[in-house]
Structures are given as C-alpha cells and as structure tokens.
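Each reported figure results from applying straightforward, stated rules to the coordinates on display, with no laboratory input. Not measured: the values here are computed from a predicted model. Note that each Cβ is placed from the backbone with ideal geometry, even for glycine, and that neighbours are counted across all protein chains shown.
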Amino acid sequence: MNIEAIKSIYAFEMARTRRTLLQSIVSPVITTSLYFIVFGAAIGSRMQEIQGVSYGAFIAPGLIMLTLLNQCIGNGSFGIYFPKFTGTIYEILSSPISTLEIVIGYVGAAATKGLIVGTIILVTASLFVDISIRHPFMMVLFFVLTAVSFSLFGFMIGIWAKDFEQLNLFPMLIIPPLVFLGGSFYSIDMLPPFWQAVSHFNPVLYLVSGFRWSFYEIADVSPVVSLVTVLGFLAVCLTITAWIFKTGYKLKN
Amino acid sequence: MAPIVSIRNLTKSYASGFQALKGVDLDIEEGEILALLGPNGAGKTTMISIICGIVTPSGGSVTVAGSDILTDYRKTRAIIGLVPQELTLDAFETVWNTVAFSRGLHGCPPNPALIERILRDLSLYDKKDTMLRHLSGGMRRRVLIAKALSYEPKVLFLDEPTAGVDVSLRKDMWQLVERLRASGVTIILTTHYIEEAEEIADRIGVINHGQILLVEDKKALMAKLGRKQMTVELAEPLTAVPDALSSYGVTLAEGGGQLVYEFDASGERTGISSLLSALSQAGLRVRDISTEQSSLEDIFVELVGEGR
C-alpha cells in the first residue's frame, strides 16, 4: 500500500478546499439557513406537526442530505475531472499507485469535505429548530455511508464527463428533483397513491427516510431497507469504479 | 550488463485504427543518454507514455530494471521520472507543494532538504511559494523537471525538454542532464533539435512511422553515415575540371573558383594526398583548403526521407 501517495492526494484535495473556503463552506451554510428561515420559520409555523415533529425539525435531515449529496458529488467529480481537464492526470497515471489508493485519496477527501459541511449544517439547523437524535450510531452510519457512496458516484461522473456541461449535469439537473421528490420536505404519505408508488423508485427517498428515522424514529420506509439501499448503491459504485480502472475508460488510451 | 529498459515488439493501435507503434525493439543501457529523433507523430511520445503507464500497449512487453511495466508497475514507476512535453501544471498550487506532491505520489516520505536542493539547482528556490500560474513558460518547464527529480528516479524521460525554451535555459538544462548522468541516471530524451542530440547524447535512435529506423552510437553513426567534403579554393577560376582530376569525381563550384571533393571519412584511403599532388602537377595554384562534415541533421533528413 502506497500510504504516502494516499496522504498526498488527500492533502492536496483538502488544500483545495481551504483555498476555496467561501465557496465550499460559507455558501452551503447560507443557503441552508435561508431554507430554515423560509420553510422552518415563515411557512413552517403555519404547518401542522408531522407525526409529532415540528415541520422545521422534520425537514432538517432532508436538508442535511441535500447538502451532503451536492457537496460529495461536486467534490468527488471535480477532484478527478480537473486533472483530466488540465492534463496533470499524467502524474497520477504514471505513479506507483493502485486504483484503490487513488480512489481512497480522492473519494476520502470528497467525503470528508461533505461530512464537514453536513456537520456544520446540522449545527446551523439546531440553532433554528429543536433537533433530537434518537439513534446517534445509525445517524453517523447513514451520514458516512451516504458521503462515501455519493463521493464515489461523483468520482465516476468526473471520469465520465468530457466537458463542464456534463460535469454539472448531475449536481444541477438530476440530484435536485430526486431530493425534492424524495421526501426531504414532506412525508410521502401526503402524496396521492400514484406518486407515492413512483417515489419508491427514487433512491434518495430511502436515504432521507433512513436518515430521518435515526433522528426522530419516523420513516417512510423501514430503516433496514434504507440501509440496504445505501449499501447496495455503494457496492454498485465500487464495481463500476473498479471496471473503470481495469479498462482505463476515459483515462487511458 | 543487462539493459535498464528493454522493449520487445511493442505495438500500439488506437481505436481509430491508427498504428502508432509497429513492433518496436529497443534496449537502453544503464547510465547512458539516448536521444530519440523523429518527426511529429513518429511515435516517440506514445512509446514513452506506454513505459510510464499513461498509455496501455496493444502488444509486446517492456521491462524496467528487470520488472515488467504492467505486472510490476509499482516497482517500475517508482524509479521512472517523466518530464512531459506539455506544460501541464495545477494553476493554483505553489511550486514547493507541487514538487512535494510528486514525491509523495511516488511513495517517498517528505524530504524538505532534498526538495530545497532540487529547487536551488534549478534556480527555482526563490519562487517556491509562487503560484504556478504566475510562472513563465521556462520556469514551468523547470518545475516539471523538479517534480520528476523529487523522488530521485533512476531512469528519466525528457519529452522534448527544450521545446520553446530560450538559449540560456537550454544550456542550463544540458548541464543538468550532464550532472544527472554523472550521478548514474539513465536519460532518454526526445527532441526535434538535432544539435541537441548531437551535443549531449551517447546514442541516437531514429524513429519514424512507429518504427525504430536505427539506434547507434552517436560517433559511429556520424562516422558511418556522415560525409566529408573538402573545398579547394583556387587562385584562378577554371571553366572545366581538368582531365587529370576527373577520376577523383571533383566538381566545380562558385563559378569555377572552387573545387569540391567528397570523401568517406571512415575509409582507409581518403584520397586527399593524391588529389593534392594531382592538383600541383596540373599546375593549379591553391589559395585555401577547408573540410566540413555533414551534421546529424543531414543524416537524419536522409534517413527519415528514405522511410517516406
């Protein structure tokens, strides 16, 4: 195991985060605070409690997930896309490092950053609404597994993307509808039966539901199903990543 | 001594059907400086990229210090340094950090003293905290070299190291190459500048259309393929070559004021002394004599021209 190489890639990526502190930390905090002011305080005060939880507190896990997904996909994809774009990828390819080590470095850094921002959002949320965490261990497990699998997902997008348009496709066009329609801001019980059925095909529903269950013990689907979904997604991402490096897809000629 | 790099029947075909390498065989000896000459698209960069792990070969094999580049890539890549042709650097990183990053990627623990020495050797130390995007082209080239030296490779590939580099930096670079060779590093450089190969290489390889046309010791190559030419400047111009000299194959030049004689420098008899005595017997007064040797460039143009 080339530990020095993993450390180097990880440190390099984390240094990039420090250089772009405003964009990477401050901006998501402001965005989330706005959500809490609008949905939590202004609109939330006129809404009924959902299964015994105030609306503002109800949406907190969903908002954390929204930020976590965006951050992880964004960082995971940019981290590997940028060297490809500038050509500095030659150095990674010609170094004595294995696929696994490259992935640990890049994905580890993207997940770390996602977790830092997610934690800051959690702290910010607790300033606006009452948050309780009934199952801290499960909460951390969902948090970390989601961060890792979506950073890996982002990493794959970064390898696949041939331009900035494709790079931004997922974070801007695909993730928001999945998150908004995945029960982040409501329980799917509130939907008509047809849309409830459709929602079950949305993987984000399972993430948000499981994550919310670890906070308030309320869920749209069983937490076990949620956990299996996250693990399954992680396994699919790992398999595709292994294939990418085996074949050199879009990395090597 | 076994060659440090051994290339056997290496081929590379791209999906488009283009064959960049058509069965290359090449042995590179430890401690030598090998210059690879070839026109654009000859396959030089493809070959280097395969050895370094950036391009996957279609067939054949390469070993570096006895290890296969595909199955034992950790061993081979740890001792190979690459200075790419393009000035690809992270715009927002500092000189120091990018050089330290390269060292880490190659599995070496941090060694600030070594990095300081490398940066000083390359006159980069006062720029160590400068962001790479603020550096000039020549400085970036030096940074790429510093990165490749940061993990003390035993085999160094320099892909067109002096393309777009000014004369003084080019001289610095040649000195650096000499120092590295003295420390035992094997150096393979590709270049368009033939005088560069002529100046610093021990052996010359000529590559074109994905094939090695020849690999030879520089001096032997120049002696074998180089032609020598003697020019005799006459006191009075001639209108025709005198019969007494016709057997030497001399030609007239400069309106009859010069006699030009081509001879084989490596041959046992150059024919110079007999030509000179024939000249005096013919009663021709000689004002000046000069000889010149064809350059590597002439040899190269001839070789590559034949391959077309």
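Structure remark: mean-square fluctuation, Gaussian network model of chain B, C-alpha springs under 10 Å; the largest value among B:Ala197, B:Ala278, B:Ala163 belongs to B:Ala278.
Note on chain B: GNM, Cα springs under 10 Å; of B:Gly255, B:Gly184, B:Gly41, the largest mean-square fluctuation is that of B:Gly255. Report, in deg cm²/dmol and to the nearest 500, the calculated mean residue ellipticity at 222 nm for chain A, where each DSSP H run with n ≥ 4 adds -39500 (n - 2.57) and the sum is divided by the residue count. The helix-only estimate for chain A comes to -23000 deg cm²/dmol at 222 nm.
Could you compute the net charge surrounding B:Ile118? Neighbours are other residues with a C-beta less than 12 Å from the C-beta of B:Ile118; K and R count +1, D and E count -1. Let's see the in-between values first.
Values: positive: B:Arg103, B:Arg117, B:Arg120, B:Lys128, B:Arg142, B:Lys147, B:Arg179; negative: B:Glu116, B:Asp121, B:Glu152.
After counting each charged neighbour, the total is +4.
Can you give the angle from 0 to 90° between the axis of helix A:136-160 and the longest principal axis of chain A, with both taken from C-alpha atoms, to the nearest 10? Helix A:136-160 and the main axis of chain A meet at about 50 degrees. Each residue of region B:160-166 was assigned a 3J(HN,Hα) from its phi angle through the Karplus expression (A = 6.51, B = -1.76, C = 1.60, θ = phi - 60°), giving 6, x, 10, 5, x, 10, 6 Hz with x at Gly and Pro. The reciprocal of the average 1/r between distinct C-alpha atoms defines the Kirkwood hydrodynamic radius, which for the protein assembly as shown equals 28.1 Å.
If I stretch the segment between B:His134 and B:Ala235 completely, what's the gain in nm (0.36 nm per residue apart, minus their alpha carbon distance), one decimal? Don't skip to the answer; put the middle values down first.
Values: separation 101, 0.36 × 101 = 36.36 nm, distance 6.13 nm.
Full extension of this stretch gives 30.2 nm more.
Between B:Ala253 and B:Ala182, what is the FRET efficiency for a Förster distance of 51 Å, r being their Cβ-Cβ separation, to the nearest 0.05? Computed FRET efficiency for B:Ala253 and B:Ala182 comes out at 0.70. For region B:77-119, the convex hull spanned by the alpha carbon atoms encloses 87 Å³ per residue. Counting Cβ atoms of other protein chains within 10 Å of each residue's Cβ and taking the mean over peptide A:92-102 gives 6.
Note on the protein assembly as shown: dipole from Cβ charges, positive end direction compared against A:Leu207, B:Thr98, B:Pro39; the farthest Cα belongs to A:Leu207. Among B:Phe157, B:Phe18, B:Phe92, the residue with the largest mean-square fluctuation in a Gaussian network model of chain B, with springs joining Cα atoms closer than 10 Å, is B:Phe18. Summing charges over neighbours of B:Thr186, with a neighbour being any other residue whose Cβ is under 12 Å away from its Cβ, gives -2 when K and R count +1 and D and E count -1.
3J(HN,Hα) along region B:40-48: 4, x, 6, x, 4, 5, 4, 4, 4 Hz, from the Karplus curve 6.51 cos²θ - 1.76 cosθ + 1.60 with θ = phi - 60°, whole Hz, x for Gly and Pro.
If contacts are Cα pairs under 8 angstrom and at least 6 residues apart, what is the relative contact order of chain A in percent?
Values: 319 pairs, mean separation 64.5, N = 253.
Value for chain A: 25 percent.
When each of the peptides A:108-114, A:221-227 is scored by the mean number of other C-beta atoms lying within 10 Å of its residues, the order from highest to lowest reads A:108-114, A:221-227.
Each residue of region A:97-112 was assigned a 3J(HN,Hα) from its phi angle through the Karplus curve 6.51 cos²θ - 1.76 cosθ + 1.60 (θ = phi - 60°); the sequence is 10, 8, 3, 4, 5, 4, 5, 4, x, 5, 5, x, 5, 5, 5, 4 Hz, with glycine and proline shown as x. Only counting other Cβ atoms within 10 Å, I'd like A:Leu141, B:Leu245 sorted with the fewest neighbours first. Ordered by Cβ neighbours within 10 Å, fewest first: A:Leu141, B:Leu245. Using the alpha-carbon positions of region A:153-214, Rg (one decimal) and Dmax (whole number) come out as 14.0, 40 Å. Residues whose amide H lies under 5 Å from that of B:Ile207, counting only those 5 or more places away or on a different chain, are B:Leu37, B:Gly38, B:Leu213; hydrogens are built 1.01 Å from N in the peptide plane.
Shown here: region B:49-168, whose C-alpha atoms stretch 44, 32, 25 Å along the first, second and third principal axes, sorted largest to smallest.
When region B:1-150 is described by a simple charge dipole with +1 on each Lys and Arg Cβ and -1 on each Asp and Glu Cβ, the residue from B:Met1, B:Gly60, B:Leu119 located farthest towards its positive end is B:Leu119. In this structure, the amide hydrogen of A:Ser98, modeled 1.01 Å from its nitrogen in the peptide plane, lies closer than 5 angstrom to those of A:Asn2, counting only residues at least 5 positions away or on a different chain. For region A:3-247, the convex hull drawn through the C-alpha positions has a volume of 127 cubic angstrom per residue.
Take A:Phe58, A:Phe12 and order them by how many other Cβ atoms sit within 10 Å, fewest up front.
Working: A:Phe58 27, A:Phe12 22.
Ordered by Cβ neighbours within 10 Å, fewest first: A:Phe12, A:Phe58.
Reported to the nearest whole Å, the Cα centre-to-centre distance from region A:155-183 to region B:90-154 is 35. Restricted to Cα atoms, chain B shows a radius of gyration and a Dmax of 24.6, 78 angstrom. Taking 1.306 mPa s as the viscosity and 10 °C as the temperature, the Stokes-Einstein diffusion coefficient of region B:227-293 based on its alpha-carbon Kirkwood radius rounds to 132 µm²/s. Computed on region B:5-223, with alpha-carbon pairs under 8 angstrom and 6+ residues apart, the relative contact order is 30 percent.
Around the amide H of B:Glu32, modelled in the peptide plane, lie the amide H atoms of B:Ile187, all under 5 Å away and 5 or more residues distant in sequence or on another chain. For the residue pairs B:Lys44/B:Lys154; B:Lys171/B:Lys218; A:Lys7/A:Lys84; A:Lys7/A:Lys113; B:Lys22/B:Lys147; A:Lys84/B:Lys75, the C-alpha atoms sit more than 22 angstrom apart in B:Lys22/B:Lys147; A:Lys84/B:Lys75. If you take all other residues with their beta carbon under 15 Å from the beta carbon of A:Val53, and give Lys and Arg +1 and Asp and Glu -1, the sum is -3.
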